[in-house]
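Structure record follows, encoded as structure tokens.
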Amino acid sequence: MLALPTLLLSLDQSVLFLALPSLAEALRPTGNQMLWIMDIYGFLMAGFLVTMGTLGDRIGRRRLLLIGAAAVLVTSLLAAYSGSAEMLIVSRALLGVAAATIMPSTLALIGNMFHDPAQRGRAFALWASCFLVGTALGPVVGGLLLEHFWWGSAFLLGVPVMLILLVAGPMLLPEYKAPVGGKLDLISVVLSLAGILPVIYGIKEIAKYGFDVMPVAVALAGLIMGALFVLRQGRLEHPVVDVTLFRNGAFTASLLIQVILMVAVAGSYLFITGFLQMVQGLSPMHAGLWMVPSAIASIVSAQLAPGLAKRFSTAAVIAVGLVVAAAGYVMIAFVDPVGGLPLLVIGFVIAFFGTGPIGALGTNLIVSAAPPEKSGSAASLSETASHLGVAVGIATLGSLGSIVYRSSVTVPDGVPAADAETVRNSLEGALGAAQDLTGSVAGQLLAGAREAYTSGLNVVAVVCAAFAAATALIALTALRRAVTDSSGQPSRGDKPLQPAESP
């Protein structure tokens, strides 16, 4: 029940990219509007995660989950039947705020419902698996829908699931909330948004257009607001985020591993999907099918991880998994543009198999490290860290791959001067320019551009391998010292939070 909304939310973002061409034809958005259609959902979801996690601790996690489910249902319908670009942007913004209630609420409820460490570990493993399944199946499901229905059908995937949650949730899910939560500090809410949103926005702008004064200044302003937010939390009796959580070694080490690893996952995912479609020439749906084995591998390792952690230790299982992930990325570093598909798929399967344990065990450590009445806040920090890692990964590794491409690509004689700069900027530009060319010139152009793009993928894979190895070292040192028992749970003296009476 709690894992299904997560699967749908991860599906939602990935299917949007497939719907963009038909959406653009129907609504005729400007270039700026198209950017906001793509980004506003992620911006607001990331910005409101911290607030929603704490709000759930105060008003009840089941209550917030059900409110969020109703809001996701309504805003999904609004998005699907939007008659203009402006309406779709507003609908996507509201959908992002609604989605921010889902992730921390489901994680916190799992942490509160399962007091036995083994059961809780398996529950978190299932939660992580559903998220990965949604990410992998997005292109496949979206492709099937868009082949038979209009662009808005991509936004209707969550409607039946949210209806089931609204009907069955009050009967199946218990209510949990902090016994003494205090009022929600609105100044802290504003500061959290002023800290998170500019940083995510600045990073995304840097990823698209490179380092410029404006996005860098916006990101720095966000960091300053974030620092003010942290200072304020230390002075409040009932803070939005309990900064003392970072004194827990397991919490901090797991969060750090999550951020660094998501940088690698996002950066590699960006170039691997591009390789499948632009170098190998696969359709989005077929590219998505080639991504399914890696998702299955991560699901298998996530399900195995809790059992292995009983026999060995959480830190050891996570560290070994990250070493395996590093090995997978090393394989991707040797992929060639011609005949490289099998090695790419095998390497990505191995890399994702290695990242499965941190998705299951790391999330468990983060949520379990907090006192029960603050598990919603801890869960929101976990999700915020993931979003930050994704944004940083796309910005930094995307820029790195682009630099390698531009330094490697060659423009053959016969390409018009007006198209040469477009070819040097990106593989997308090279593919567009090749359509206007014929004969050997077009073939030489495509071969050189695809080879340059693959070189960028290879370099990014090397960096991802280094990041995975670094996180393995963190797991073997800081995380190993912090975890105190063989089940992988940090010790804490808090008594389990008792269920609140259902309204």
Practice task
Taking the options Leu236, Leu270, Leu223, Leu261, name whichever one is over 24 Å from the mean Cα position of the chain (by Cα) and either surrounded by 19 or more Cβ atoms within 10 Å (Cβ to Cβ) or more than 30 Å from Val335 (Cα to Cα) (or both).
Solution key: Leu236
Practice task
Out of the residues in the stretch 407-436 that are outside any helix (DSSP H, G or I) and open to solvent by 30 Å² or more (accessible area, probe 1.4 Å), state the one that is modelled with the highest pLDDT.
Solution key: Thr410
Completion exercise
Pairs returned, first residue in the stretch 420-444 that is among the hydroxyl-bearing types (Ser, Thr, Tyr), second residue that is open to solvent by less than 30 Å² (accessible area, probe 1.4 Å), beta-carbon separation under 8 angstrom, 6 or more apart or interchain, are Thr422/Gly429; Thr422/Ala430; Thr422/Ala433; Ser426/Tyr405
Fill in the blank from the handout: Residue set Phe275, Phe246; condition open to solvent by 40 Å² or more (accessible area, probe 1.4 Å), in a helix (DSSP H, G or I) and among the aromatic types (Phe, Trp, Tyr); output residue Phe246
Handout entry: Any hit, the stretch 140-152, residues being open to solvent by 10 Å² or more (accessible area, probe 1.4 Å), of a type in the set (A, V, I, L, M, F, W, C), farther than 26 Å from Ala266 by Cα and modelled with pLDDT of 75 or more
Key = yes
Completion exercise
Taking the stretch 90-109 and keeping only residues that are in a helix (DSSP H, G or I), of a type in the set (Val, Ile, Thr) and either in contact (Cβ under 8 Å) with a residue 40 or more places away in the chain or open to solvent by less than 10 Å² (accessible area, probe 1.4 Å) (or both), one is left with Val97, Ile102, Thr106
Practice task
Take the stretch 456-489 and flag every residue that is modelled with pLDDT of 90 or more and of a type in the set (Ser, Thr, Tyr).
Solution key: Thr471
Fill in the blank from the handout: Within the stretch 320-344, restricting to residues that are within 30 Å of Gly443 (Cβ to Cβ) and not in a loop (DSSP other than H, G, I, E, B), the one that is most open to solvent (accessible area, probe 1.4 Å) is Pro342
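Okay, residues lined up against (1) touching a residue at least 24 places away in the same chain (Cβ under 8 Å); (2) within 29 Å of Glu428 (Cβ to Cβ):
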residue	(1), (2)
Val213	no, yes
Arg232	yes, no
Ile257	yes, no
Leu261	yes, yes
Ile272	yes, yes
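Yes/no matrix, rows are residues, columns are (1) closer than 15 Å to Ile394 by Cα; (2) open to solvent by 50 Å² or more (accessible area, probe 1.4 Å); (3) not in a helix (DSSP H, G or I):
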{"site": "Pro198", "(1), (2), (3)": "no, no, no"}
{"site": "Gly202", "(1), (2), (3)": "yes, no, no"}
{"site": "Ile206", "(1), (2), (3)": "yes, no, no"}
{"site": "Ala227", "(1), (2), (3)": "no, yes, no"}
{"site": "Arg232", "(1), (2), (3)": "no, yes, no"}
{"site": "Val241", "(1), (2), (3)": "no, no, yes"}
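The values are calculated or read from the model by the stated rules, or taken from the named source; none is laboratory data. Because the structure is a prediction, the values reported are computed rather than measured. Neighbour counts are summed over all protein chains in view; Cβ atoms, including those assigned to glycine, are modelled from backbone coordinates with ideal geometry. Areas reflect the complete protein model, heavy atoms only, side chains present, ligands, DNA and RNA absent. Shrake-Rupley method; radii C 1.70, N 1.55, O 1.52, S 1.80 Å.
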